[in-house]
Amino acid sequence: MSIRDVARAMVAPGKGILAADESSGTIKKRFDSIGCDSTEDRRRAYREMLFRAPGIGERISGVILFDETIRQNAADGTPLVKLLEGAGVIPGIKVDKGTGPLSGAPGELVTEGLDGLRARLVEYRELGARFAKWRGVIDIAGDTTPSQYCLDVNAHALARYAALCQDEDIVPIVEPEVLMDGDHSLERCFEVTTATLHTVFDALHDQRVDLEGMLLKPNMVIPGKKFAGGKASPDDVAAATIACFRAVVPAAVPGIVFLSGGQSDEEATANLDAINKRGAHPWEFSFSYGRALQHAALGAWGGSDANATAGQGAFSKRARLNGLARDGKYDAAMEREAS
Ligand code: 13P
């Protein structure tokens, strides 16, 4: 399959992406929350539990893996990549190396990981990765942050990464995340997300990235968690998000796959559903959720293999409901159904 075919398959109707690419530091935080030691064996057991969820391939098109996971075997010796492929799920890989301080811009961040990236992509492709992910982080702090300088350097890195991926037959997921931390309004998120995406698509064009062979992974347009006016309704989030993307994202991009970014499980599903209920759109609107797909499953699993079935049930429920939301067919009443 060409990278264009892979990109389209990842946003097939009823399906979306599981982000299971938590770095060592992030997965430790998640395991701390359930009182489980973050050992290599427990990380393998947890992720194997998710990947073996019955029927995973009906709702999950692809899984983003971390470097450790793409090299790991299941308890019975099967490589986890083969397990996914066997279930009809496309394996992918996180290739950025996280954020560092942006020099000359106190408090702002730039994503690292371009040095040696081509060689790493060649190896990941051999290990079975058909797509990759790179996350740029944009923080809203007051009226003057982010700076255009911060948007420029992060967009430049995203475009360099995306061009290298396409050279190596890997679909780039381009993830410029405007954080929902902070007390900003939905209007301020709209403004910053619009500016960010303008900058990113400029850089992608400059660096000759094939828009039909990539996916965009953005935030929704949503107020900050500490916004004094509280949460916005799914209808308001949908209207603002669609207006933003219509203005700045070329129709050649096959799919927009949202991150959940700290939204609750049900919010992330309801907002995606509201966006799709307003379709048709020029792109597929789907999900690439980490926390909003895993939160309930992690709690139900609790670090113990004895709870694997409960963990899979909780995960499958979120995958199914997000799969419905991805087609605008979700109803909040479905939340009461057993997992
Ligand atoms: P969340 O859905 O938890 O935001 O994670 C998605 C992701 O891959 C962030 O880079």
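Things to note:
- Estimated translational diffusion coefficient (Stokes-Einstein, Kirkwood radius over Cα pairs, 20 °C, 1.002 mPa s) of the stretch 132-279: 139 µm² per second.
- Here's the picture: a label point sits 7 Å out from the Cα of residue 306 along the beta-carbon direction, and within the stretch 15-37 the residues with their amide nitrogen under 19 Å of it are 34-37.
- Extension gain for the segment residue 252 to residue 2, taken as residue separation times 0.36 nm less the Cα-Cα distance, is 88.4 nm to one decimal.
- The 3J(HN,Hα) values that the Karplus relation (6.51, -1.76, 1.60; θ = phi - 60°) gives for the stretch 159-167 are, in residue order, 6, 4, 4, 5, 5, 5, 4, 5, 4 Hz. Gly and Pro appear as x.
- Ranked for footprinting exposure by Cβ neighbours inside 10 Å, fewest first, 190, 285 give 190, 285.
- Antiparallel bridge percentage (DSSP; both residues within the chain; nearest 5): 15 percent
- Centroid-to-centroid separation of the stretch 118-164 and the stretch 245-315 [C-alpha atoms, Å]: 21 Å
- Each residue of the stretch 131-136 was assigned a 3J(HN,Hα) from its phi angle through the Karplus curve 6.51 cos²θ - 1.76 cosθ + 1.60 (θ = phi - 60°); the sequence is 8, 9, 9, 9, 10, x Hz, with glycine and proline shown as x.
- Inter-part distance where the stretch 60-82 and the stretch 167-197 are each reduced to a Cα centre, Å: 28 Å
- When its C-alpha radius of gyration is set against 2.2 N^0.38 Å (N residues), the stretch 34-103 gives a value of 1.25.
- The mean sequence distance of close C-alpha pairs (under 8 Å, at least 6 residues apart), as a share of the length of the chain, puts its relative contact order at 19 percent.
- Two-site label geometry, residue 264 and residue 149: point separation in nm, points 7 Å out along Cα→Cβ: 4.0 nm
- Amide H within-cut-off set for residue 110, under 5 Å, with H built and near neighbours excluded: 100, 102
- Cross-link partners of residue 82 among lysines, defined as those whose alpha carbon lies under 22 angstrom from its own and excluding same-chain residues fewer than eight positions apart: 15, 94, 133.
- In Å, descending, principal axis extents of the Cα set of the stretch 1-152: 51, 42, 32
- Per residue, the convex hull spanned by the Cα atoms of the chain measures out at 127 cubic angstrom.
- Placing a label point 7 Å from the Cα of residue 334 along the Cα-to-Cβ direction, the residues of the stretch 266-290 whose backbone N falls under 20 Å from that point are 266-281, 284-290.
- In Hz, Karplus ³J(HN,Hα) per residue of the stretch 209-222 (6.51, -1.76, 1.60; θ = phi - 60°; x = Gly, Pro): 7, 7, 5, 7, x, 9, 10, 9, 10, x, 7, 7, 7, 8
- Of the three principal axes defined by the Cα atoms of the stretch 193-339, the extents in descending order read 52, 35, 30 Å.
- Cα coordinate range in the stretch 242-284, projected on the principal axes (Å, largest first): 30, 20, 17
- Distance from the Cα centroid of the stretch 11-31 to that of the stretch 224-240 is 24 Å (rounded to whole angstrom).
- Long-range amide H partners of residue 135 with built H, under 5 Å: 96
- Over the stretch 159-231, relative contact order from alpha-carbon pairs under 8 Å, at least 6 apart, %: 49 percent
- For residue 286, the residues whose amide H sits under 5 Å from its own are 256, 257, 258, ignoring neighbours fewer than 5 places away on the same chain, with H placed 1.01 Å from N.
- If you wrap the Cα atoms of the stretch 172-232 in a convex hull and average its projected area over all directions, you get 4.2 nm².
- For the stretch 122-264, the relative contact order works out to 26 percent when only alpha carbon pairs closer than 8 Å and six or more residues apart are counted.
- With one equal scatterer per alpha carbon and no solvent term, the Debye-computed log10 I(q)/I(0) for the stretch 98-190 at 0.11, 0.14, 0.18, 0.26 1/Å reads -0.37, -0.56, -0.81, -1.29.
Values in this text are rule-based calculations from the coordinates and carry no lab data. These numbers were taken from a predicted model, which means no experiment stands behind them. Cβ sites come from the backbone with ideal geometry, for glycine too, and all protein chains shown count toward neighbours.
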